[in-house]
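Trainee: Once you've had a glance at the structure underneath, I'll fire off some questions.
The values are calculated or read from the model by the stated rules, or taken from the named source; none is laboratory data. Source: prediction; values computed, not measured. Cβ placement follows ideal geometry from the backbone for every residue including glycine, while neighbour counts extend to all protein chains displayed. The area values use the complete protein model at the heavy-atom level, side chains included, leaving out ligands, DNA and RNA. Shrake-Rupley method; radii C 1.70, N 1.55, O 1.52, S 1.80 Å.
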Amino acid sequence: MTVEQNAAATDWVAQAYRDNLSTGRARIAELLGGQVEIESQGAWVTTSDGERHLNAGGYGVFIAGARHPVVVREVERQLQVHPIGTRMFLEPTAARAAQMLASVTPAGLQRIHFCGSGAEATETALKIARLSGHRHLISMHGGYHGKTFGALSVTAKSLYQDPFRPLLPDVTHIPYNDIPALHAALESCGGSACVIVEPVQGEAGVVLPAPGYLHSVRTLCTEFGALLVVDEIQTGLGRLGTWWGSDPENVRPDILLSGKALGGGVLPVAAAIATEDAYAVLDRDPFLHTSTFSAAPLAMAAVCGAIAAIACEGLVERAAELGAELLPAITAIAVDRLGDRIREVRGRGLLIGIEFADPALAGELLVELVTHNVIPNHSLNSERVLRLTPPAVLDRSEVGFLLDRFDQAVAALAGRYPDGER
């Protein structure tokens, strides 16, 4: 494609976004240089101008990279025989996906409702809570659980909630990592509570709780008869260097939410994974909570491929190893270049957050990284924090590329603001 052809193609896509999709997305694209992504493989995304960008973004989706061959092979095979089910008969790919997912979750979590997005998984958990008499919802400030009405009700950020009020009633938001506040909230609910919490708050800017926090949450929920939902939509399936963020404290929730990486970087799919006791309320009527595309064979093939790829290639362990290397290296670069403009660099596994004293610098570094061919993430609930969520399939040269380009981007940012400015 010539330069002129590329420019024409890019202009056409941008205009289509303005005319038919989202003018807001079109404006953001302009700020990032107007790139149009057309291909992905492994850790890389190719744009229409032929540039390759290392994908340290994707909001946790690409733990196995893009188009992992194991996942693609499963999906292609399913596409050729039976991509969408009738929903009248039993279907073997869903059965296999459920068994494979249950095999890697904490013991006792074996009943699964598949769906298309993390927000749908949250809705499933909230419906189970309502059906079982847990009508009072407790979630954490900074938590992010989706933007459908129920999920938005427990996503404690007024920016997203206020335009859509009234939301669900009987919702209490408390500080994250605050056990006394949780004790007080549970005490006031009289045993009718459902608590939803993340092991690490991703969209809040990679907020890590104190050691033992999740275990204490489980203990309190048990003491007060509350239903515990652990949202691992972003943190699960190896992102934190363990299969699940709740694993280090040996916590088993009543419902575990999974998504993002569950589709293997090929298809969107999520799940609510529950204990027998929690799921029993949905067993009473199989048509009480349904979806036409729930457990669609094509999506189930992606789940099978994703779990196989993560397990067979040791991507959970690889995420831990890469995180242990990248976190101190990124910290050293950021602090050396920007000094006290950096508040903190923190993370676990391949979920890394860089917090700035000035939120404008987070936005500027995002643009600078894209200019240097690295795709990062912003944080929906924290404008001060830029996040990196690279895949666990990075090889040595790709690790070197990421660190080198991060260094170049931070140096460019530092050069614009001599000491004492901003």
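Trainee: For region 202-213, does any single residue satisfy the condition of being among the hydroxyl-bearing types (Ser, Thr, Tyr), under 18 Å from Gly347 (Cβ atoms) and not in a loop (DSSP other than H, G, I, E, B)?
Mentor: Checking region 202-213: at least one residue is among the hydroxyl-bearing types (Ser, Thr, Tyr), under 18 Å from Gly347 (Cβ atoms) and not in a loop (DSSP other than H, G, I, E, B).
Trainee: State whether one or more residues within region 108-123 are assigned to a strand (DSSP E or B), crowded, with 16+ Cβ neighbours inside 10 Å and within 17 Å of the chain's Cα centre (by Cα).
Mentor: yes
Trainee: Taking the conditions exactly as written (without any contact (Cβ under 8 Å) to a residue 24 or more places away in the chain, open to solvent by less than 40 Å² (accessible area, probe 1.4 Å) and out of contact with any strand residue (DSSP E or B) (no Cβ under 7 Å at 6 or more places or on another chain)), does Gly349 satisfy them or not?
Mentor: For Gly349, the condition - without any contact (Cβ under 8 Å) to a residue 24 or more places away in the chain, open to solvent by less than 40 Å² (accessible area, probe 1.4 Å) and out of contact with any strand residue (DSSP E or B) (no Cβ under 7 Å at 6 or more places or on another chain) - is not met.
Trainee: Does any residue of region 2-16 turn out to be touching a residue at least 40 places away in the same chain (Cβ under 8 Å), over 30 Å from Gly314 (Cβ atoms) and surrounded by 14 or more Cβ atoms within 10 Å (Cβ to Cβ)?
Mentor: Among the residues of region 2-16, at least one is touching a residue at least 40 places away in the same chain (Cβ under 8 Å), over 30 Å from Gly314 (Cβ atoms) and surrounded by 14 or more Cβ atoms within 10 Å (Cβ to Cβ), which makes the answer yes.
Trainee: Please find, among Phe287, Phe293, the residue that is at pLDDT 95 or above and among the aromatic types (Phe, Trp, Tyr).
Mentor: Only one candidate passes the filter, namely Phe293.
Trainee: Now for a separate question. Yes or no: region 163-182 includes at least one residue that is in a helix (DSSP H, G or I), open to solvent by 20 Å² or more (accessible area, probe 1.4 Å) and either at pLDDT below 95 or closer than 30 Å to Ala299 by Cβ (or both).
Mentor: Taking every residue of region 163-182 in turn, at least one turns out to be in a helix (DSSP H, G or I), open to solvent by 20 Å² or more (accessible area, probe 1.4 Å) and either at pLDDT below 95 or closer than 30 Å to Ala299 by Cβ (or both).
Trainee: For region 124-143, name all the residues that are part of a helix (DSSP H, G or I) and either among the charged types (D, E, K, R) or buried (at least 21 other Cβ atoms within 10 Å of the Cβ) (or both).
Mentor: Thr124, Ala125, Leu126, Lys127, Ile128, Ala129, Arg130
Trainee: Could you list, in sequence order, all residues of region 296-309 that are under 20 Å from the mean Cα position of the chain (by Cα), open to solvent by 10 Å² or more (accessible area, probe 1.4 Å) and under 10 Å from Ala94 (Cα atoms)?
Mentor: Once the filter is applied, which keeps residues that are under 20 Å from the mean Cα position of the chain (by Cα), open to solvent by 10 Å² or more (accessible area, probe 1.4 Å) and under 10 Å from Ala94 (Cα atoms), region 296-309 yields only Ala299.
Trainee: Also, I was wondering about something else. Considering region 41-82 alone, what residues qualify as being without any contact (Cβ under 8 Å) to a residue 40 or more places away in the chain, among the hydroxyl-bearing types (Ser, Thr, Tyr) and open to solvent by 20 Å² or more (accessible area, probe 1.4 Å)?
Mentor: If the condition is that a residue be without any contact (Cβ under 8 Å) to a residue 40 or more places away in the chain, among the hydroxyl-bearing types (Ser, Thr, Tyr) and open to solvent by 20 Å² or more (accessible area, probe 1.4 Å), then Thr46 is the only one that fits.
Trainee: Answer yes or no: is there a residue in region 374-386 that is of a type in the set (Val, Ile, Thr), open to solvent by less than 40 Å² (accessible area, probe 1.4 Å) and in a strand (DSSP E or B).
Mentor: Yes, region 374-386 contains a residue that is of a type in the set (Val, Ile, Thr), open to solvent by less than 40 Å² (accessible area, probe 1.4 Å) and in a strand (DSSP E or B).
Trainee: Moving on to the next point. Going by what's in this entry, would Gly146 be described as assigned to a loop (DSSP other than H, G, I, E, B), under 30 Å from Leu267 (Cβ atoms), among the small types (Gly, Ala, Ser) and touching a helix residue (DSSP H, G or I) at 6+ places or on another chain (Cβ under 6 Å)?
Mentor: Against the criterion (assigned to a loop (DSSP other than H, G, I, E, B), under 30 Å from Leu267 (Cβ atoms), among the small types (Gly, Ala, Ser) and touching a helix residue (DSSP H, G or I) at 6+ places or on another chain (Cβ under 6 Å)), Gly146 qualifies.
Condition check ((1) over 27 Å from Glu355 (Cα atoms); (2) buried (at least 24 other Cβ atoms within 10 Å of the Cβ); (3) without any contact (Cβ under 8 Å) to a residue 12 or more places away in the chain) across all residues:
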| residue | (1), (2), (3) |
| --- | --- |
| Thr219 | yes, no, yes |
| Thr222 | yes, no, yes |
| Glu232 | no, yes, no |
| Leu237 | no, yes, no |
| Leu240 | no, yes, no |
| Trp243 | no, no, no |
| Pro248 | no, no, yes |
| Val251 | yes, no, no |
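Trainee: Determine which single condition Leu262 fails, assuming it passes every other condition in (1) buried (at least 24 other Cβ atoms within 10 Å of the Cβ); (2) farther than 21 Å from Ala129 by Cα; (3) touching a Ser or Thr at 6+ places or on another chain (Cβ under 6 Å).
Mentor: (3)
Trainee: Within region 144-158, which residues are open to solvent by less than 10 Å² (accessible area, probe 1.4 Å), closer than 19 Å to Glu383 by Cα and among the polar types (S, T, N, Q)?
Mentor: Thr155, the sole residue that qualifies.
Trainee: When you look at Ala102, is it in a helix (DSSP H, G or I), closer than 30 Å to Leu322 by Cα, out of contact with any strand residue (DSSP E or B) (no Cβ under 6 Å at 6 or more places or on another chain) and in contact (Cβ under 8 Å) with a residue 12 or more places away in the chain, yes or no?
Mentor: So Ala102 passes the test.
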